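The values are calculated or read from the model by the stated rules, or taken from the named source; none is laboratory data. Note that the structure is predicted; figures quoted are calculated from it, not measured. Every residue, glycine among them, receives a Cβ derived from its backbone with ideal geometry; neighbour counts consider all protein chains shown. The area values use the complete protein model at the heavy-atom level, side chains included, leaving out ligands, DNA and RNA. Shrake-Rupley method; radii C 1.70, N 1.55, O 1.52, S 1.80 Å.
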There are 2 protein chains.
Amino acid sequence: MDSSPDSPRSYPRTERTTPTRARERAGYARELAHGILDDGYLCHLGYVRDGAPVVLPTLYARLGERLYLHGSTGSRAARTAAEEPVGLAVCVTVTHVDGLVLARSAFHHSVNYRSVVVHGVARPVTDPAEKRRALDVVVDQVLPGRAADCRPASARELAATALLALDLSEVSAKVRTGGPTDEPEDVALPHWSGVVPVRPGYGPPEPAGGEPTPDYLARLVGS
Amino acid sequence: MDSSPDSPRSYPRTERTTPTRARERAGYARELAHGILDDGYLCHLGYVRDGAPVVLPTLYARLGERLYLHGSTGSRAARTAAEEPVGLAVCVTVTHVDGLVLARSAFHHSVNYRSVVVHGVARPVTDPAEKRRALDVVVDQVLPGRAADCRPASARELAATALLALDLSEVSAKVRTGGPTDEPEDVALPHWSGVVPVRPGYGPPEPAGGEPTPDYLARLVGS
């Protein structure tokens, strides 16, 4: 994997995607960032309102080099984006915690994680065909295979759905893996040290109707 | 639980903590917000830098009506907070996904979640005693009981740790529970509908040394 910045396989590194610390954890490879984005469906969407930051949990999906952010036409982000002639300046962050890192010292405690930060300008999706496709990819991001097994949105429902599009151009990933980095003089201390893996999982589906569990759902909960 | 805004048991509702949609999901009870905050340890910290939003995953802990946000003295948020005479305007958001909500229509797909949004001004913790206590509560937020079973931070390590304090004064919670809300005319459609519970869990601890698994860790992974 070519992860050197500025190669076609990587996002160009900018001042604000260059961390001030733990630079060895940062990565710009598209493959790395795509993988982290594809492992989730909930991002934290940040924007500025009246000069102050706002961060809201938001469903998203990736389609190629674009993210779609899901909302309602009544949401503040969607309204603000619609009011801004050039779109809404946003920061979208996706984080997965993979493990708790217990060191022998309080200071060296950490978590293993994978995160992606996307800076850019989000624009409202207004074309009905793009909107319909975007809603489908959001549904499939949460549960792959589901979009083909539900009633598509009506024109009225599409009109009530707000989707923002955000191109992936200023993107960075950050990853921590591995065990604790104890100080040499701490290794003999009698405290347990190591990693506790964090594994998100699913409980048994709770059906609202009588239909049998579809394959795509069985695959999800069985994994 | 008294959840009426402006009661002593609730956070006062402000213009920016009043959602523009799904208001029935919003809550201001301190007990509700504390419970959601106490169920996590990773927040998404938003602030404004050069007029643009920045959202970073950040470890936190709650101590009474205050959050502590963990960073390094080299991090941009900590540096910016230290430069601002009155502190750094932030928005801190904590989100737990509890279930995937599969409706028979694409439009009514949703997730069950609990989230808290905190607006305020974060100030750097400079008092060494407060800093030490704050580092301990951050360690215990990730793994209750751990702070008492590791080497406390040295003066040098404390100096390299940045902690921001954020008082809980402008706070709102948002909660979705329950099954899908299908349109009456969709109920007969042959698509599986219901909820898939999302259950974060832990894998078997991976020790770096030979110490036996402590009780607080066995409790965590056994739960």
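Rounded to the nearest 20, the Cβ-based charge dipole of chain B about its Cα centre (Lys and Arg +1, Asp and Glu -1) stands at 320 debye. Of the residues A:Cys91, A:Val101, B:Val175, the one whose Cα sits farthest towards the positive end of the charge dipole of the protein assembly as shown is A:Cys91 (charges of +1 on Lys and Arg Cβ, -1 on Asp and Glu Cβ, taken about the Cα centre). The Cα center of region A:197-215 and the Cα center of region B:170-223 differ in position by 11 Å.
For region A:12-98, the spread of Cα coordinates along the three principal axes comes to 40, 26, 24 Å, biggest extent given first.
In region A:195-213, comparing the full protein assembly with the chain on its own, the residues that lose 50 Å² or more of accessible surface at a 1.4 Å probe are A:Val196, A:Pro197, A:Arg199, A:Glu206, A:Glu211.
The apolar share of the surface of region A:15-222, taken as the fraction of accessible area on carbon and sulfur atoms (1.4 Å probe, ligands and nucleic acids excluded), comes to 54 percent. Look at the dipole of chain B built from charges on Cβ: of B:Val111, B:Leu217, B:Val139, the Cα furthest out on the positive end belongs to B:Val139. Largest accessible area first, the listed residues A:Tyr216, A:Tyr11 line up as A:Tyr216, A:Tyr11 when surface is computed with a 1.4 Å probe on the assembled protein chains. When you count the other C-beta atoms within 10 angstrom of each residue and take the mean per peptide, B:78-86, A:77-85, A:158-166, A:180-188 line up highest first as A:158-166, A:77-85, B:78-86, A:180-188. With its label point put 7 Å out from Cα toward Cβ, A:Pro128 sits 7.0 nm from the same residue's point in the other copies, in order from shortest. Per-residue shielding of A:162-172, expressed as the average number of other chain Cβ atoms within 10 Å of the residue Cβ, stands at 0.
Computed on region A:15-222, with alpha-carbon pairs under 8 angstrom and 6+ residues apart, the relative contact order is 26 percent.
With a 10 Å cut-off around each Cβ of A:40-46, the average count of Cβ atoms from other chains is 6.
Region B:49-78 and region B:114-145 have Cα centres spaced 10 Å apart.
With N counted as the residues of region B:74-223, its alpha-carbon radius of gyration over 2.2 N^0.38 Å works out to 1.47. Summing charges over neighbours of B:Val195, with a neighbour being any other residue whose Cβ is under 10 Å away from its Cβ, gives -2 when K and R count +1 and D and E count -1. Kirkwood hydrodynamic radius computed over the protein assembly as shown comes to 22.9 Å, based on all pairs of distinct alpha carbons.
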